[in-house]
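Accompanying notes for the structure given below.
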């Protein structure tokens, strides 16, 4: 990553963290429902969207911004999404590698009827492993990491931030 790109990215992330704030429970549910519906709609159509939202976790463990430009449920989808985690020592950049709709009834996957997405789980590939982020319409947000060759870490409850 060249120096100018890092500088622009650092400025963007610091601006997002200054202008983002944690939502109330009602706002959290509304925001997560909007995000899930937006992603589900794009994934079922042509996959194109332009969306960004922030994740706010305890002790800033996985605080970051998710930027999505192309998603899909098909295994052949060419994703265009990034997770940017801003740590004091560096900016970590993860690439979206999968999107899994969360459904109320797993049998919906095996039937001809359309399933109803009640959440979305993103997998981001990081330099040393993966980060899994689940966003539910209920407002529940969880983040889990896995370092290559090790067991998954426990899930952390997080919140969505609104990017102004």
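See the values below:
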quantity	calculated
Tally of residues being more than 19 Å from residue 143 (Cβ to Cβ) and without any contact (Cβ under 8 Å) to a residue 12 or more places away in the chain across the range 38-71	3
Candidate set: the range 121-139, residues that are more than 15 Å from residue 104 (Cα to Cα) and in contact (Cβ under 8 Å) with a residue 60 or more places away in the chain; chosen: the one surrounded by the fewest Cβ atoms within 10 Å (Cβ to Cβ)	139
Test: residue in the range 72-87 that is in contact with a strand residue (DSSP E or B) (Cβ under 7 Å, 6 or more places away or on another chain), surrounded by 15 or more Cβ atoms within 10 Å (Cβ to Cβ) and either part of a helix (DSSP H, G or I) or modelled with pLDDT under 80 (or both)	yes
Residues satisfying the stated conditions in the range 43-71, i.e. in a helix (DSSP H, G or I) and under 13 Å from residue 122 (Cβ atoms)	43
Members of the range 88-97 found to be surrounded by 15 or more Cβ atoms within 10 Å (Cβ to Cβ) and within 12 Å of residue 131 (Cβ to Cβ), listed by number	92, 93, 94, 96
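The values are calculated or read from the model by the stated rules, or taken from the named source; none is laboratory data. Predicted model, so just to flag it, every value in this text is computed and none were measured. Please note: Cβ atoms are built from the backbone with ideal geometry, for glycine as well, and neighbour counts cover all protein chains shown.
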